[in-house]
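Student: Have a look at this one before I ask anything.
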Amino acid sequence: MKKIAVFIVFLFGVGLLGGPVLAGDAYSERVETHYEISWDGSANMTIITTLYGPGNMLNQTKESILKQGVENASQLYLKQEVQKLAQKGINLENGSVEFEGYNSTGPLKIIVRGKALGVAKYYTYGKVWEIDLDLLRTAELSQINPTKLNQTLDLDNVYVISLPTDANVITIPQNYSVTAGNSYVKIEANRTGNKIFLESHIYLAKGVTMDEINKLYANPRAFVIQYSGHKGSEGNYTVYKLRITNNITVGKEETVMDTVDEYLEPQDYINYLKFQLSYQGEQAAIQNLYRSYAKAFQSQGIGIKGWNISFGNLQSKGPLIVKFHWVLTNYTKSSNGTYTYEYDPTLGLGNIPSLHRLSAEVDQEVTTHITLPNGAKFTEIPNDINVTVNGSSVIMKVEKLSDHEIIIHSRVFLRYGMYTNDYKNMMKEIPTKLEFRYTLSSGGSSICGPAFIVGLAILPLLFIRRRK
């Protein structure tokens, strides 16, 4: 029963009103969302949620509304709705809530009105406006396990979206239908002029299995309305910026590796990391970092002869800085006297999950200075890489200072709003593994490299969370 109550809270905000306990009949609801879109991306919004059952949940919720008072219950529900919309990147202004049917038999109707900011977003990448809709309720359903509910879920969702009269409609979601056992998801889309009608029906039968749910949601996709007309403002978006500097000195008996990670943006993320590290305690954080790195080194048979880890700007403004100093032994062995150094020019950013667009700007730079002992020599150096697609780029340049000393300059820059297909096609042009080969005069050991170092980053840049 606890699982069901959590489900109601996450999806509908009703659980906080009534504390419902579901009976054996189906949970059934219909949500109608009406948007009248303006050219600034805002919308006059009306959301009408009609709850049909189960009966005991309806009765308990109605009783709770009467007990709390309509005004208090309205404020509580509005607060819940504001939070739900904020998770979608939408801010609600001048919101109001109205209940219908709470003092009579039959369904309960909850009406939310207000001005919604950020419903439509403008992208300079493509020069279009877009409305991104979660028609299959994946964000909400991911919060629960429907197989544990012992309850049929019957969710009907309707969108009526009126675009500006002079908008040029480019694309709307396509019809979609998948069935698994007695459960199904279905989307129907229609358009009349600049008014778009979308209806999705999600029916998860009692006893639905995880295999059936996986089949229903096997092909995740974005459901986007795209239109053009007036140029808009791209607004605020997140920029993730990281700079890494590696200095690697290869000796005949040991390798010294010094790395500096500078976390430059976004400021709120950096502040969060600083808070977490301070809360954990600086020495405890250092020990945790060491254990993580040591485990990775040891898994490759690498010994740690000496080490030091320190933080910069932890208690002050500026970028978060993490410094590593390693003295390492027994790196990877040579083959016929030749050592191979593997390098990933995508800097670990070659497979960011995204359905439609990248939801943040990414700017990561890595500079690696490698010095071999006197008498050693680089025998094979990969060609430079420079791949650019509509302002996004992957660049790697190798600066040869001498036969035994090089600097690898790498940068991956990904534009905010880059189409997923463009991103994937760009990354297809770039190998994920390049090999630098070198020889030593005698003895010695080889090195790992930035691919290994970046992959070990305990404060990672794999931060793309949104579904786009």
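The values are calculated or read from the model by the stated rules, or taken from the named source; none is laboratory data. Note that this is a predicted model, so its numbers are computed, not measured. Positions of Cβ are backbone-derived with ideal geometry, glycine not excepted, and every protein chain shown enters the neighbour counts.
Student: Would you mind stating whether G337 is free of Cβ contacts under 8 Å to residues at least 60 places away in the same chain and in contact with a strand residue (DSSP E or B) (Cβ under 7 Å, 6 or more places away or on another chain)? Full working, then the answer.
Tutor: Working: free of Cβ contacts under 8 Å to residues at least 60 places away in the same chain: no; in contact with a strand residue (DSSP E or B) (Cβ under 7 Å, 6 or more places away or on another chain): yes.
It is false that G337 is free of Cβ contacts under 8 Å to residues at least 60 places away in the same chain and in contact with a strand residue (DSSP E or B) (Cβ under 7 Å, 6 or more places away or on another chain).
Student: From the list A284, A296, which residue is surrounded by 11 or more Cβ atoms within 10 Å (Cβ to Cβ), in contact with a helix residue (DSSP H, G or I) (Cβ under 8 Å, 6 or more places away or on another chain) and either under 19 Å from M257 (Cα atoms) or not charged (D, E, K, R) (or both)? Step through it out loud before you land on a result.
Tutor: Details: A284 fails: in contact with a helix residue (DSSP H, G or I) (Cβ under 8 Å, 6 or more places away or on another chain).
Only one candidate qualifies: A296.
Student: Restricting attention to the stretch 119-164, and to residues there that are at pLDDT below 95 and of a type in the set (V, I, T), which single residue is nearest to the chain's Cα centre (by Cα)?
Tutor: Ranking the candidates gives T138 first.
Student: Next question, about the same structure. Quick one: would you say K109 is out of contact with any Pro (no Cβ under 7 Å at 6 or more places or on another chain), of a type in the set (K, R), farther than 21 Å from Y419 by Cβ and assigned by TED's automatic domain parsing to the domain that holds D25?
Tutor: On the way: out of contact with any Pro (no Cβ under 7 Å at 6 or more places or on another chain): yes; of a type in the set (K, R): yes; farther than 21 Å from Y419 by Cβ: yes; assigned by TED's automatic domain parsing to the domain that holds D25: yes.
Here the answer is yes, as K109 does meet what is asked.
Student: I've got another one for you. From (1) more than 30 Å from V327 (Cα to Cα); (2) modelled with pLDDT of 95 or more, pick out the condition that doesn't hold for T209.
Tutor: Failed condition: (2).
Student: Okay, moving on. If you go through the stretch 69-121 one residue at a time, how many are polar (S, T, N, Q), over 19 Å from E36 (Cβ atoms), touching a strand residue (DSSP E or B) at 6+ places or on another chain (Cβ under 9 Å) and in contact (Cβ under 8 Å) with a residue 24 or more places away in the chain? Give the derivation first.
Tutor: At the first step, the residues of the stretch 69-121 found to be polar (S, T, N, Q) are 72, 74-75, 80, 83, 87, 91, 94, 96, 103-105.
Keeping just the survivors that are over 19 Å from E36 (Cβ atoms) gives 72, 74-75, 80, 83, 87, 103-105.
Filter once more, so that each one left must be touching a strand residue (DSSP E or B) at 6+ places or on another chain (Cβ under 9 Å): 74-75.
Adding the requirement that they be in contact (Cβ under 8 Å) with a residue 24 or more places away in the chain leaves 74.
So the answer is 1.
Student: Counting residues that are at pLDDT 95 or above, charged (D, E, K, R) and not assigned by TED's automatic domain parsing to the domain that holds F223, which strands (runs of 3 or more DSSP E) fully inside the stretch 383-455 reach at least 3?
Tutor: Working: elements: 385-389, 392-402, 405-414, 434-439.
The qualifying strands (runs of 3 or more DSSP E) are 392-402.
Student: Tally up the residues in the stretch 322-352 that are assigned to a loop (DSSP other than H, G, I, E, B) and either surrounded by 15 or more Cβ atoms within 10 Å (Cβ to Cβ) or polar (S, T, N, Q) (or both), please.
Tutor: Of the residues in that region, 14 qualify.
Student: Could you identify the single residue in Y279, Y269 that is within 22 Å of T245 (Cα to Cα) and either touching a strand residue (DSSP E or B) at 6+ places or on another chain (Cβ under 9 Å) or surrounded by fewer than 15 Cβ atoms within 10 Å (Cβ to Cβ) (or both)?
Tutor: Numbers: Y279 fails: within 22 Å of T245 (Cα to Cα).
Among Y279, Y269, only Y269 is within 22 Å of T245 (Cα to Cα) and either touching a strand residue (DSSP E or B) at 6+ places or on another chain (Cβ under 9 Å) or surrounded by fewer than 15 Cβ atoms within 10 Å (Cβ to Cβ) (or both).
Student: What strands (runs of 3 or more DSSP E), lying completely within the stretch 99-167, carry at least 3 residues that are crowded, with 17+ Cβ neighbours inside 10 Å and β-branched (V, I, T)? Write out each step before concluding.
Tutor: On the way: elements: 108-117, 121-123, 128-133, 153-162.
Here the list is empty.
Student: Within the stretch 171-189, how many residues are more than 23 Å from A116 (Cα to Cα), assigned to a strand (DSSP E or B) and not aromatic (F, W, Y)?
Tutor: Applying the first criterion (more than 23 Å from A116 (Cα to Cα)) to the stretch 171-189 yields 174-188.
In the following step, the residues that additionally are assigned to a strand (DSSP E or B) were identified as 176-180, 183-188.
If we keep only those that are not aromatic (F, W, Y) too, we end up with 177-180, 183, 185-188.
Matching residues across the stretch 171-189 total 9.
Student: Further question: What's the number of the only condition in (1) touching a residue at least 12 places away in the same chain (Cβ under 8 Å); (2) not in a helix (DSSP H, G or I) that S316 fails to meet?
Tutor: S316 satisfies every listed condition except (1).
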